[in-house]
1. Can you give the charge dipole size of the chain about its Cα centre, rounded to the nearest 20 debye, using +1 on the beta carbon of Lys and Arg and -1 on the beta carbon of Asp and Glu?
2. Show me, for the range 183-200, the HN-Hα J-couplings you get by feeding each phi into the Karplus relation (A = 6.51, B = -1.76, C = 1.60, θ = phi - 60°), rounded to Hz, glycine and proline as x.
3. Suppose the chain between Ser113 and Glu163 were pulled fully straight at 0.36 nm per residue; how much longer would it get relative to their current alpha carbon spacing?
4. Multiply the residue gap between Lys37 and Arg148 by 0.36 nm, knock off their C-alpha separation, and tell me the result in nm, one decimal place.
5. Between the range 51-76 and the range 97-116, how many Å separate their Cα centres?
6. Nearest 5 percent is fine: what portion of the DSSP beta bridges confined to the range 89-248 is antiparallel?
7. Charges at C-beta only: +1 for Lys and Arg, -1 for Asp and Glu. How large is the resulting dipole of the range 1-117 about its Cα centre, in Debye rounded to 20?
8. Of the residues Leu112, Leu153, Leu234, which exhibits the maximal mean-square fluctuation in a Gaussian network model of the chain defined by a 10 Å Cα contact cut-off?
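Any read-out appearing in this document is the output of simple, stated calculations on the displayed coordinates, not a laboratory observation. Predicted model only: the values in this text are computed from it and were never measured. Here the Cβ positions follow ideal geometry from the backbone for every residue, glycine too, while neighbour counts run over all protein chains shown.
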Amino acid sequence: MKTHEKLLLEASLAGLAALGGLVFLVAPGRASKKDKKPFMYKNFAHRGLHKKDKTVPENSLAAFERASSYGYGMELDVQLSKDGQVVVFHDDTLNRVCGVDSRVDEKTYDELSKISLCGTTQTIPLFSEVLKTVRGRGPLIVELKRGRRNIELCEKTYALLAEYRGDVCIESFDPFIVAWFRFHAPELLRGQLAMPAGRYENFPKPLAFALSHGLMNFVCRPQFMAYRIGHRPLTVHIAEMLGAMKVAWTSHEPKNERGKDAVIFEFYKPSVKFAPKRK
């Protein structure tokens, strides 16, 4: 074989190996159409249907009741209190929403339940209370927050979901949390949250890059990619071409439905469902 032909063959094989390695890294998990159906072409109220003026606070029972009454899907955040209760709250600290200088996991649920959300009569709810409020009236996307007791959070969240009668899926920025559900609760649809690398806080830069490009998918094999609205890297597009649902967050206008399988929105009232629209 001539030298240039040998070099061409070696380069081609190297390229195929690299492509195969990339596909291995970003490939999603499989999910049936039946499993995806409750979430496809649906709009999900971000932290419930809360109001911009904060009279209905985010992640409050009032916000979830309001979203349920319209028939929307809902996205919410769960984490653990100091005494191990699964509570619904987004931030690690209470400062922004409650005006209290403390971490959520430094207070017991009894203490948290007495703290006002945005100066209203609403307080931080238990996850079990939210499930009772929603009562299956709309599909749920449950984000598990990365913290100090991730396995405990996974176990307790799943225990509550096992008793719930409604459509629900889970997601997290932490691929190892998503992986817990891959191996311990494979019947639940699972998703990897992601965003541009520069927006990750408290993540090492190499890990932030890997997460932003879907390169940790091999750990958890997510069945959907929930990506911040804006530019998505080629590797994320590859994961979607291989079957991952396209979920977008956080939308502030209906045009973001185009080309998506599901949308997480806030501060407007879109249709409950939308027609598939391709670019």
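1. Charge dipole of the chain: 1120 debye, to the nearest 20.
2. Computed from phi, the couplings for the range 183-200 are 8, 10, 8, x, 6, 8, 4, 10, x, 9, 6, 7, 7, x, 3, x, 8, 6 Hz.
3. 15.7 nm
4. Stretched fully, the Lys37-Arg148 segment lengthens by 36.6 nm.
5. 20 Å
6. Just about 10 percent of them are antiparallel.
7. In debye, rounded to 20, the range 1-117 gives about 720.
8. Taking springs between Cα atoms under 10 Å, the residue moving most is Leu234.
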